[in-house]
Amino acid sequence: MTALDVRDVRFSYGEKEALKSVSFSLEPGRFCALLGPNGAGKSTLFALMTRLLVTGEGRITIAGHDIARAPRAALAAIGVVFQQPTLDLDMTVTRNMRYFAALHGISGRDAQARIDAALDRLSMRERADEKVRALNGGHRRRMEIARALIHQPRLLLLDEPTVGLDTASRRAITDHVHELATGGLTVFWATHLVDEITPEDEVVVLHRGEVLAQDSARSIAGGQ
Ligand code: ADP
Ligand code: ADP
């Protein structure tokens, strides 16, 4: 089953056509970058995949669930890291995670086990009892990524997750997220930065609301 299937999706803000018949699909367990310059339509596509925006044109299917017909099932299958952080700075890492788990109906021992496992995957376990305010930007982002894994999604969506971070923090995040894909999760990572992509990654190139190419990063860069 494809992890994500986007078919003939269009979206306009009034007169401004942000997406023009966009189609592509992602197989499970891949790291796929959504690459495109500012204004290409990346955030609009993310908003449609997370149902912050709704379009009547085209179809988005997540892990087999049509987001228009079965929004709960489709949304349960995704973990999302938005471009703007959504963290309570005065809560500890664990309390933030518990709050989020509760939103998914997960509590008690089950929640704690999942939180520990998710923090481990981002090498954030030793930060569990720190207040978010005390973490640097890179660690805050890693906590948000861990938080997006609690309900065990099939597809992880990240919208330019390294904006504003230093090189070392960006590197730690791209490495950790590539490992998540190796573990079987499908990752869809929006960026305008080519250096966040490795040659083995798949790339969907978006430009002015249209998919220009979908291929391995190596082929798109002109190698074999
Ligand atoms: P990004 O490219 O990082 O996604 P943008 O700068 O395109 O961010 O947009 C930032 C915010 O402004 C978003 O909420 C977006 O919907 C809104 N926005 C972008 N372009 C316009 C526009 N031409 N008119 C009104 N709102 C816009
Ligand atoms: P990206 O995330 O790739 O930078 P966006 O999805 O933010 O691209 O924007 C795609 C296009 O839609 C851009 O031309 C942007 O200016 C326009 N746009 C985005 N949000 C709005 C909005 N709220 N109102 C009008 N135009 C918008």
Just to be sure before I move on: is V177 at pLDDT 95 or above, assigned to a strand (DSSP E or B), more than 16 Å from ligand 1 (Cβ to nearest atom) and hydrophobic (A, V, I, L, M, F, W, C) in the structure I sent?
no
State yes or no: is R69 more than 16 Å from ligand 1 (Cβ to nearest atom), part of a strand (DSSP E or B) and basic (K, R)?
no
Candidate set: segment 1-24, residues that are of a type in the set (S, T, Y) and in contact with a Lys or Arg (Cβ under 8 Å, 6 or more places away or on another chain); chosen: the one nearest to ligand 2 (Cβ to nearest atom)
S21
Quickly run through segment 45-86 and pick out the residues that are touching a strand residue (DSSP E or B) at 6+ places or on another chain (Cβ under 7 Å), under 20 Å from A3 (Cβ atoms) and of a type outside the set (A, V, I, L, M).
F46, T50, G58, R59, T61, D66, G79, F82
Candidates R154, R147, R98, R170, filtered to the one that is open to solvent by 70 Å² or more (accessible area, probe 1.4 Å) and under 17 Å from the mean Cα position of the chain (by Cα):
R154
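Here's the yes/no breakdown for (1) open to solvent by less than 10 Å² (accessible area, probe 1.4 Å); (2) modelled with pLDDT of 95 or more; (3) closer than 18 Å to H176 by Cα; (4) away from ligand 2 (no atom under 16 Å from the Cβ):
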{"site": "G105", "(1), (2), (3), (4)": "no, no, no, yes"}
{"site": "L122", "(1), (2), (3), (4)": "yes, yes, yes, yes"}
{"site": "E126", "(1), (2), (3), (4)": "no, yes, yes, yes"}
{"site": "H139", "(1), (2), (3), (4)": "no, yes, yes, yes"}
Would you please list the contacts, defined by Cβ atoms under 9 Å and residues six or more apart or on different chains, that run from a residue in segment 69-89 that is within 15 Å of F188 (Cα to Cα) to a residue that is of a type in the set (S, T, N, Q) and open to solvent by 40 Å² or more (accessible area, probe 1.4 Å)?
G79/Q152; Q83/S43
Name the strands (runs of 3 or more DSSP E) wholly within segment 182-224 that hold at least 1 residues that are aliphatic (A, V, I, L, M), open to solvent by 30 Å² or more (accessible area, probe 1.4 Å) and more than 13 Å from ligand 2 (Cβ to nearest atom)?
210-216
Looking only at segment 157-167, count how many residues are surrounded by fewer than 18 Cβ atoms within 10 Å (Cβ to Cβ) and of a type in the set (S, T, Y).
1
Which one of the conditions (1) surrounded by 15 or more Cβ atoms within 10 Å (Cβ to Cβ); (2) in a loop (DSSP other than H, G, I, E, B) does L75 fail to meet, given that it meets all the rest?
(2)
Could you list all residues from segment 27-63 that are away from ligand 2 (no atom under 11 Å from the Cβ) and more than 18 Å from the chain's Cα centre (by Cα)?
V54, T55, G56, E57, G58, R59
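The values are calculated or read from the model by the stated rules, or taken from the named source; none is laboratory data. What you see is a predicted model; the values in this text were computed from it and never measured. Every residue, glycine among them, receives a Cβ derived from its backbone with ideal geometry; neighbour counts consider all protein chains shown. Please note that ligands, DNA and RNA were not included when accessible areas were found on the heavy atoms of the full protein model with its side chains. Shrake-Rupley method; radii C 1.70, N 1.55, O 1.52, S 1.80 Å.
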